[in-house]
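K.L.:
Dropping a structure here in structure tokens format, bear with me for questions.
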Amino acid sequence: MGKDIREDIAWAHINQDVLKSLENPRPLFWVIVFVALMMFGVGVGCEVYQYQMGMGVAGLNNPNVWGLYIATFIFWIGMSHSGTLLSAILHLMHADWRKPIYRFAEAMTTFSLMTAGLFVMVHLGRLWQFYYAVPYPNERWTWPNFQSPLLWDAMAIFTYLSSSVIFLYVGSIPDFAICRDNIHPGWRKNLYTLLALGWEGTDRQWRNFRVTYLTVACFLIPLAVSVHSIVASDFAMSQQPGWHVTSFPPYFVAGALYSGCAAIITLFIILRYVFKFEEYMTMPILKKTVRLTFAIAMVWTYLNLIEFASVWYSHDEVAKAVLIDKATGRFAPFWWAMNFCGSVVPFTMMVKRWQTSIPIMFAVSLLLNLGMWLERWMIVTPTFSHGYYPWTMDTHYWPSLVQWGIVFGSFGWFTLLFMVFCKIVPSVSMYEVKEMVYHRSLATKKAELGLEGGH
Amino acid sequence: MSKRHMLALYNNFDEAEAVVRELRNSEIKGFNAADDLVVKSPIEHPEVEEFLGHKPVNVQWFTLIGALSGGLLAFFLIAGSQANFYSQMKGGKPIVPFPPDFVLTYEMFILGGVYITVLGFLICAGLPARRSPLYSAKVSTDQIGLLVRVDDNSAATLRSIFTKHQALEIQEEAGK
């Protein structure tokens, strides 16, 4: 495998390349922004229509009360785990190849959490009732039920979102200072001056920065695991057939890391081209990301099989019937597609030649995420369509166009936020790439000296 | 005695390190390397601490206090709200159930830890701050800066040390 990054890149050149990306992306950037805006417009239109006409237009009614909204909510929460994986876990493991790509993964975390949060409100229908999820007593001094996983969810997501934003911001301060020092006067310079907080790169600042970054990273890892475990508790703590499974929390966490990694590959390929980051988002780094994704895919596959086995051997006839219905009933094409995309498609990542093939990996990453979205849908809807009682059987349910429209719009919303972010905030961490180049060139020099000494 | 600031820029850490070692070993009137010397660099470089001497980092104390207060606040808020149920029938269930309350206590433990850690970072790193008058944008690109505060009388000695080690540029603040 070649080098992750060229060791002779001048530091000034790194600044220039990344700053250029803020001002001068390829035209495809504007095409993506336009398409995302259109998609978001469709979502907003559907939401306005649903708000005015009532939840009936979404086709949500007993027993199918969650539909695509909650399935997509879980999908976006899952997507957010990529940032924590690349930033925090790999940071603690001293995997420095993460440095050119972790910033956009952190941004993904933030924006996917924001998108997920929207789905809770869309799902509520009556937006003003959102405050029931806030730890605040009503006029009769009754507090929300702190023993409900739904309230845990609200708190966990708020904690994760705010901590991720803080982590993203703190990690970007040295880069904001670079932008402040090198960009032409104007609104951008004013913005970066404000965001840099007067950073000068003094030894005192770096010393405290290092400890802070490490500490927040240490907090983020258990937090990320707890967030998706709690989302899994929304299901596993209920009595619905097929959900009352102890392996749900690790299954959800593995699925989250999986979809997050797949999304990193997709965005890696897009950013690499759009912002001309070929020197930083290199093929060896793509290869490592692909291998990591494959490993997580296998963990997910194992846990997926465990989930089936848990249901099969639970002797809960209704839960078993739901599983059989998934494999042979109305949702069978989607269930099999989920298994195919989630467990079979990743094997293409084993082919060395394909690991660095941009078109193949782009297609594979999209298929993996399709599989992960289908997974969430296949958890939610078949169970609601096949409950314990006759009145909980719904053999005709199909999501309405309004639901599909809002789900479609959410991808536009996420893409829009993400692309605007990449246009304003350096999506490659300049100071960390410099560190990477510096430490690697130092190691090479030491190795050369060692060899010479040996002779 | 009036003091003035001087900033010398170097091409790499090795040159900067040599200067710092000489400054630490020299007897310069009105200059104490521990208090009057600041190293500015474009990257985080742990070796800077080695040649600069150990300086404490206190962010962890903020973390400890933040995490503990977050967790305690959450637990007592939840337990306090559940204490309402003294006047209501609970059917034999505990008034303050520990397992479900642990989840939110855990979340708030982390939330408090993160928020107060960042607050601690800002306090300990002295941010937000006005930039010093001798700031050079080259420090955020690829050069290492040594900012010193020195008596007017000793400025020439400092300048000669900087020059001896091939400083790329020396900036000097007017005497105060």
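Throughout, read-outs are computed from the coordinates displayed, never taken from laboratory work. Keep in mind the model is a prediction, meaning the values are calculated, not measured. Note that each Cβ is placed from the backbone with ideal geometry, even for glycine, and that neighbours are counted across all protein chains shown.
K.L.:
Got a sec? Which of A:Val170, A:Val122 is assigned to a helix (DSSP H, G or I), β-branched (Val, Ile, Thr) and surrounded by 21 or more Cβ atoms within 10 Å (Cβ to Cβ)? Step through it out loud before you land on a result.
P.N.:
Working: A:Val170 fails: surrounded by 21 or more Cβ atoms within 10 Å (Cβ to Cβ).
Just one listed residue meets the conditions, A:Val122.
K.L.:
Does A:Leu113 satisfy the condition of being surrounded by fewer than 18 Cβ atoms within 10 Å (Cβ to Cβ) and closer than 24 Å to A:Ile265 by Cα? Show your work before the answer.
P.N.:
Working: surrounded by fewer than 18 Cβ atoms within 10 Å (Cβ to Cβ): no; closer than 24 Å to A:Ile265 by Cα: yes.
Against the criterion (surrounded by fewer than 18 Cβ atoms within 10 Å (Cβ to Cβ) and closer than 24 Å to A:Ile265 by Cα), A:Leu113 does not qualify.
K.L.:
It is to be established whether one or more residues within the range A:201-213 are within 14 Å of another protein chain (Cβ to nearest Cβ), within 27 Å of A:Ser172 (Cβ to Cβ) and part of a loop (DSSP other than H, G, I, E, B).
P.N.:
At the first step, the residues of the range A:201-213 found to be within 14 Å of another protein chain (Cβ to nearest Cβ) are A:201-213.
Those left that are additionally within 27 Å of A:Ser172 (Cβ to Cβ): A:201-213.
Now drop any that are not part of a loop (DSSP other than H, G, I, E, B), which leaves A:201.
Looking for residues that are within 14 Å of another protein chain (Cβ to nearest Cβ), within 27 Å of A:Ser172 (Cβ to Cβ) and part of a loop (DSSP other than H, G, I, E, B), one finds at least one in the range A:201-213, hence yes.
K.L.:
Another question about this same structure. For the range B:105-162, give me each residue that is in a loop (DSSP other than H, G, I, E, B), in contact with a helix residue (DSSP H, G or I) (Cβ under 7 Å, 6 or more places away or on another chain) and more than 11 Å from every other protein chain (Cβ to nearest Cβ).
P.N.:
Matches in the range B:105-162: none.
K.L.:
Restricting to the range A:401-439, what's the tally of residues that are among the polar types (S, T, N, Q) and within 14 Å of chain B (Cβ to nearest Cβ)? Don't jump to the end; show me each part of the working.
P.N.:
Here is the first cut: in the range A:401-439, the residues among the polar types (S, T, N, Q) are A:403, A:410, A:415, A:427, A:429.
The next check asks that each one be within 14 Å of chain B (Cβ to nearest Cβ); those that pass are A:429.
Adding up the residues that qualify gives 1.
K.L.:
Could you look through the range A:182-226, keep only residues that are of a type in the set (Gly, Ala, Ser) and closer than 22 Å to A:Ala156 by Cβ, and pick out the one that is surrounded by the fewest Cβ atoms within 10 Å (Cβ to Cβ)?
P.N.:
Step one: of the range A:182-226, the residues of a type in the set (Gly, Ala, Ser) are A:186, A:196, A:198, A:201, A:217, A:224, A:226.
If we keep only those that are closer than 22 Å to A:Ala156 by Cβ as well, we get A:217, A:224, A:226.
Values: A:Ala217: 18, A:Ala224: 28, A:Ser226: 21.
Taking the candidates together, the pick is A:Ala217.
K.L.:
Identify the residue in the range A:163-172 that is in contact with a helix residue (DSSP H, G or I) (Cβ under 7 Å, 6 or more places away or on another chain) and free of Cβ contacts under 8 Å to residues at least 60 places away in the same chain and, among all such residues, is nearest to A:Ser233 (Cα to Cα).
P.N.:
Selected residue: A:Val165.
K.L.:
Scanning for something within 14 Å of chain B (Cβ to nearest Cβ), of a type in the set (A, V, I, L, M) and not in a helix (DSSP H, G or I), does the range A:7-22 turn up at least one residue?
P.N.:
Of all residues in the range A:7-22, those within 14 Å of chain B (Cβ to nearest Cβ) come to A:8-19.
Next cut, of a type in the set (A, V, I, L, M) only: A:9-10, A:12, A:14, A:18-19.
Adding the requirement that they be not in a helix (DSSP H, G or I) leaves A:9-10.
Checked the range A:7-22: at least one residue is within 14 Å of chain B (Cβ to nearest Cβ), of a type in the set (A, V, I, L, M) and not in a helix (DSSP H, G or I).
K.L.:
How many of the residues in the range B:23-82 are assigned to a helix (DSSP H, G or I), in contact with a strand residue (DSSP E or B) (Cβ under 9 Å, 6 or more places away or on another chain) and facing chain A (nearest Cβ under 8 Å)? Quick ask: steps written out before the conclusion?
P.N.:
Quick first cut of the range B:23-82, residues assigned to a helix (DSSP H, G or I) only: B:23-25, B:33-36, B:47-52, B:59-82.
Cutting the leftovers down to in contact with a strand residue (DSSP E or B) (Cβ under 9 Å, 6 or more places away or on another chain) gives us B:23-24, B:33, B:35-36, B:48, B:51-52.
Adding the requirement that they be facing chain A (nearest Cβ under 8 Å) leaves B:48, B:52.
Selection size over the range B:23-82: 2.
Let's see how each residue does on (1) hydroxyl-bearing (Ser, Thr, Tyr); (2) within 14 Å of chain B (Cβ to nearest Cβ); (3) in contact (Cβ under 8 Å) with a residue 40 or more places away in the chain:
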| residue | (1), (2), (3) |
| --- | --- |
| A:Trp76 | no, no, yes |
| A:Ser82 | yes, no, yes |
| A:Ser87 | yes, yes, yes |
| A:Trp97 | no, no, yes |
| A:Ala116 | no, no, yes |
| A:Trp128 | no, no, no |
| A:Pro135 | no, yes, no |
| A:Leu150 | no, yes, yes |
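Yes/no matrix, rows are residues, columns are (1) more than 12 Å from B:Leu9 (Cα to Cα); (2) buried (at least 19 other Cβ atoms within 10 Å of the Cβ); (3) within 25 Å of the chain's Cα centre (by Cα):
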| position | (1), (2), (3) |
| --- | --- |
| B:Gly120 | yes, yes, yes |
| B:Gly126 | yes, no, yes |
| B:Arg130 | yes, no, yes |
| B:Pro133 | yes, no, yes |
| B:Leu146 | no, yes, yes |
| B:Ala155 | yes, yes, no |
| B:Ser160 | yes, no, no |
| B:Thr163 | no, no, no |
| B:Gln171 | no, no, yes |
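K.L.:
For the range A:173-199, what are the residues that are in a loop (DSSP other than H, G, I, E, B) and more than 10 Å from chain B (Cβ to nearest Cβ)?
P.N.:
A:Ile183, A:His184, A:Pro185, A:Gly186
K.L.:
Then there is this: Quick one: is A:Gly260 at positive phi and either buried (at least 21 other Cβ atoms within 10 Å of the Cβ) or not aromatic (Phe, Trp, Tyr) (or both)? Spell out the reasoning first.
P.N.:
Details: at positive phi: no; either buried (at least 21 other Cβ atoms within 10 Å of the Cβ) or not aromatic (Phe, Trp, Tyr) (or both): yes.
Spelling it out, it is not the case that A:Gly260 is at positive phi and either buried (at least 21 other Cβ atoms within 10 Å of the Cβ) or not aromatic (Phe, Trp, Tyr) (or both).
K.L.:
Moving on. If we scan the range A:46-53, do we find a residue that is assigned to a helix (DSSP H, G or I), surrounded by fewer than 19 Cβ atoms within 10 Å (Cβ to Cβ) and among the polar types (S, T, N, Q)?
P.N.:
yes
K.L.:
State yes or no: is A:Gly260 small (Gly, Ala, Ser), closer than 19 Å to A:Thr110 by Cβ and more than 9 Å from chain B (Cβ to nearest Cβ)?
P.N.:
On the way: small (Gly, Ala, Ser): yes; closer than 19 Å to A:Thr110 by Cβ: yes; more than 9 Å from chain B (Cβ to nearest Cβ): yes.
Considered against the rule, which asks whether it is small (Gly, Ala, Ser), closer than 19 Å to A:Thr110 by Cβ and more than 9 Å from chain B (Cβ to nearest Cβ), A:Gly260 comes out as yes.
Conditions tested, residue by residue: (1) in a helix (DSSP H, G or I); (2) of a type outside the set (Val, Ile, Thr); (3) more than 21 Å from A:Met121 (Cα to Cα); (4) over 25 Å from the mean Cα position of the chain (by Cα).
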| residue | (1), (2), (3), (4) |
| --- | --- |
| A:Pro399 | no, yes, no, no |
| A:Gly405 | yes, yes, no, no |
| A:Gly412 | yes, yes, no, no |
| A:Leu416 | yes, yes, no, no |
| A:Val428 | no, no, yes, no |
| A:Lys434 | yes, yes, yes, yes |
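K.L.:
What are the pairs, 6+ residues apart or on separate chains, where a residue within the range A:5-34 that is in contact (Cβ under 8 Å) with a residue 60 or more places away in the chain has its Cβ under 6 Å from a residue that is small (Gly, Ala, Ser)?
P.N.:
A:Glu7/A:Ser441
K.L.:
Additional query: I need the full set of residues from the range A:152-162 which are in contact (Cβ under 8 Å) with a residue 24 or more places away in the chain and facing chain B (nearest Cβ under 8 Å), in order please.
P.N.:
A:Trp152, A:Ala156, A:Thr159
K.L.:
For the list (1) farther than 15 Å from B:Ala74 by Cβ; (2) under 23 Å from the mean Cα position of the chain (by Cα), I need the number of the one condition that A:Ser148 fails.
P.N.:
(2)
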